[in-house]
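The values are calculated or read from the model by the stated rules, or taken from the named source; none is laboratory data. Everything numeric in this text was worked out from a predicted model, so none of it was measured. All Cβ positions, even for glycine, are placed from backbone atoms using ideal geometry, and neighbour counts span all protein chains on display.
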Amino acid sequence: MGDGFEDYDDDAEAEDDDVVGERALEIADQGRGATVKSVEFVQACASLAGCPKPTLPEIAVIGRSNVGKSSLVNMLTNRKSIAKTSKNPGKTQTINHYKMITGAGAYYLVDLPGYGFANAPEALREKWAEFTREYLLKRETLITVMLLIDSTVKPQRLDLECLDWLGAAGIPVTIVFTKVDKRKKIAAGKRANPQETMEEFCREAMDNWDWDELPPMIYTSSETAEGKREVLNHIASLRQFFKKPLKEDFVKSIQGDAGASVADANVVDDDENDFDDDFDDDDDDEIFEDFDDDEPEDDWNK
């Protein structure tokens with residue numbers, strides 16, 4: 001019996017060693033994936049059909065106008081002006097693809113038009129809304145959407161509606177709070193506390209928008225580079241999960257309890273490629289009406 005227990009212990013130790021070894025390789029791969037070696041602007045387009053061929057995983061960035069999307073892109077790419085920034089809202093008016101080359105392969109960082117820019121003509125806002133919605137619903141290589149929230153302002157209904165829509169559509173989302181270093185003046189002698197506004201946003205989403213568990217959240221500042229490493233590590237981790245067979249655990253880990261199956265969000269089925277059966281066009285238009293801002297080779301890991 002003693003020999004039997006000794007054999008069992010040896011087998012268990014060998015299995016533990018295998019698990020530890022596999023995890024060590026994953027961590028090393030994630031570290032390489034979080035190291036940006038180079039970046040290039042690929043193209044700007046105004047329709048899903050105009051996007052690059054879907055041969056790389058994509059991380060989309062979205063948020064209200066002037067939330068700091070372009071500044072975040074510049075921070076993540078180590079380039080001060082690869083994405084044009086402006087103090088005037090509505091600078092980004094197309095789907096902009098940036099190719100990120102890392103130590104563990106490449107992916108696209110996608111800057112989407114901002115929403116909530118009321119000064120743009122209605123016809124232009126409708127155009128932005130249409131191609132943004134189409135991209136989010138039908139881009140099969142989309143891994144997650146980073147929803148940027150300005151931490152210096154009170155929770156905005158448009159942000160909460162966008163978060164709710166992404167969850168209902170089964171699109172994996174990551175909340176990224178921006179400008180966490182700022183204390184914007186809101187009244188005489190009073191400035192907004194980013195920590196308080198972020199906590200208020202979370203309470204609002206949980207209490208009034210039926211989120212049992214919120215998606216991952218990252219705090220960032222393009223001025224101080226706070227959160228840069230966390231965002232890059234998060235992206236690298238998601239890319240690792242996405243290489244494996246799709247599971248419910250994957251979407252739950254990045255979506256919370258409000259999301260549908262990641263297969264519904266990211267895998268294209270020729271017979272079921274139209275999300276209009278699940279979501280009414282009028283509902284889509286209401287949420288997105290304020291938006292302003294040969295088989296391809298699989299080379300995701302090259």
Within the range 43-53, count every residue that is surrounded by fewer than 16 Cβ atoms within 10 Å (Cβ to Cβ) and either modelled with pLDDT of 90 or more or in a helix (DSSP H, G or I) (or both).
5
For the range 61-81, which residues satisfy the criterion of being among the small types (Gly, Ala, Ser) and either more than 20 Å from Asn233 (Cβ to Cβ) or surrounded by 24 or more Cβ atoms within 10 Å (Cβ to Cβ) (or both)?
Gly63, Ser65, Gly68, Ser70, Ser81
Taking the range 130-178 as the region of interest, how many residues are part of a loop (DSSP other than H, G, I, E, B) and either closer than 20 Å to Arg203 by Cβ or at pLDDT below 90 (or both)?
6
